[in-house]
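The values are calculated or read from the model by the stated rules, or taken from the named source; none is laboratory data. Everything numeric in this text was worked out from a predicted model, so none of it was measured. Quick reminder, even Gly has a Cβ in these numbers, built from the backbone with ideal geometry, and neighbours come from all protein chains shown. Remember, those area values only see protein heavy atoms, side chains included, never the ligands or the DNA or RNA. Shrake-Rupley method; radii C 1.70, N 1.55, O 1.52, S 1.80 Å.
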Amino acid sequence: MQQASDQGTKRGLRIIVAGGDGFCGWPTALHLSKQGHEVTIIDSLVRRDIDDELGSNSVTPILPLEQRVAAWKEISGSSIDVRIGDLGDYDFLRAVVTEVQPEAFVHFAEQRSAPYSMIDREHAIYTQRTNVEGTLNVLWAIRDCAPECHLVKLGTMGEYGQPNIDIEEGFIEIEHRGRKDRLPFPKQPGSFYHLSKVHDSDNIMFACKIWNIAATDLNQGIVYGLHTNETRMDPRLVNRFDYDAVYGTALNRFLIQAAVGHPLTVYGEGSQTRAYLNIEDTVRCIELACTNPAAPGEFRVFNQFTESFSVEELAVKVVSAAAQLGIDARIDHLENPRVEKYHHYFNAVNTRLIDLGLEPHLLTESVLVEILESARSHTDRVKNELILPGVTWRK
């Protein structure tokens, strides 16, 4: 399998990146294209519509997708094909998969915000319908049109919840009443969004068993950062940078809050611990999964993160980095809109991507300063009324 993987790397793989206009999908598409792969983006552009719905925006001004791709062609000489459509439209998806005959299908195309899924009944249903039905359509399209295609699916570390035992990579060896088995790791998701990811994992595992599909489920930690080697090549390639309390992730929100002089919004006691990774590691993890595919019928799980921190630790790091730029940042503890544990045990295994060659970009002060400088250059785009949380888990 490794020999075939090396040959695939040399000639380049045909790869579909679903959700290729998004925060993780766009830099991933660029990175794969730069490595010589034939990349096709599928995207419905719904994330831009959600900006309009929420009255929000990316701190960094991002071009329309067609212009982004044209800029990439101009700068790199490499083409990225674009197909505008929704994974919920099976006829559309089937046609694209039949034509492209992908060797890897990278699936980012889901509603990815936990707070968005908790706004109300309609948003919870929208999230689960979009994510679960979209993934099922992908599985059927691979089965019917490209059965040798390797599915690389973005899951989330949030599927596991906060168990009081070590978190293994997808599966756990257990002994019960004198019998042993290797079973999927117990899931304790923390939102309707995270629940949709659990349903995805179960559906993919089942499809691998009955249809011999090859799939890698990447349980990704919280992604921070902005730049990758490719997005740094030209301002027109810049990635989106969310700061609002619905789509902004903790560290990125803290950095933008520091840039605009807003207190850092730590929810509750701040001892909640999560797994994190730099966007530069996200794109590399996807590449490693694509070029080292699962075997036919194999459902494998990688925990995709590099470090873990409590929310309070992140805030303290941002305060220190802000001081390097003469910014006097401070921390405010807000009533937690979520339902989650404090002072909990957290120890997750993340060796499989490291074994494949991932060299982590760690969260250093210089990394924080670089992101903070980028945020500070666009503070005029920040809408302060979107910073504080407005969505609560309880009624």
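Listing for the model above:
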| read-out | value |
| --- | --- |
| Cα centroid separation, region 54-111 to region 157-182 (Å) | 36 Å |
| Lysine pair number, Cα distance threshold 26 Å (strictly under), region 14-386, separation 8 or more or different chains | 13 |
| Net charge contributed by nearby residues that have their C-beta within less than 11 Å of residue 349 (K/R +1, D/E -1) | -2 |
| Positive-end residue of 321, 339, 77, charge dipole of the chain with Cβ unit charges | 339 |
| Whole-percent carbon and sulfur share, accessible surface of the chain, 1.4 Å | 49 percent |
| Antiparallel DSSP beta bridges within the chain, as percent of all bridges there, nearest 5 | 20 percent |
| Amide H contacts under 5 Å for residue 111, placed H, 5+ residues apart | 131 |
| For region 43-108: rounded, prolate or oblate by the Cα gyration tensor [a/c cutoff 1.5] | oblate |
| ³J(HN,Hα) computed for each position of region 290-297 - Karplus, 6.51 cos²θ - 1.76 cosθ + 1.60, integer Hz, glycine/proline x | 5, 8, 10, x, 5, 7, x, x |
| Stokes-Einstein D in µm²/s, Kirkwood radius over Cα pairs - the chain at 20 °C with 1.002 mPa s viscosity | 100 µm²/s |
| Estimated translational D of region 173-330 in µm²/s (Stokes, Kirkwood radius over Cα pairs; 10 °C; 1.306 mPa s) | 86 µm²/s |
| Surface per residue (accessible, 1.4 Å probe) for the chain, Å² | 42 Å² |
| Amide H contacts of residue 309 (H built 1.01 Å from N, under 5 Å, at least 5 apart or other chain) | 274, 276 |
| Local electrostatic count, residue 174, Cβ distance below 12 Å [Lys/Arg +1, Asp/Glu -1] | 0 |
| Euclidean distance between Cα centres, region 261-289 to region 301-320, Å | 5 Å |
| Local net charge near residue 249, Cβ-Cβ under 13 Å (Lys/Arg +1, Asp/Glu -1) | +2 |
| Cα-centred dipole magnitude for the chain, charges only on beta-carbon of K, R (+1) and D, E (-1), debye, nearest 20 | 400 debye |
| Vicinal HN-Hα couplings computed from phi for region 333-344 (Karplus, 6.51 cos²θ - 1.76 cosθ + 1.60; Hz; Gly/Pro x) | 9, 9, 4, 6, x, 9, 10, 7, 7, 10, 6, 9 |
| Alpha carbon centroid spacing (whole Å) that separates region 322-368 from region 196-252 | 17 Å |
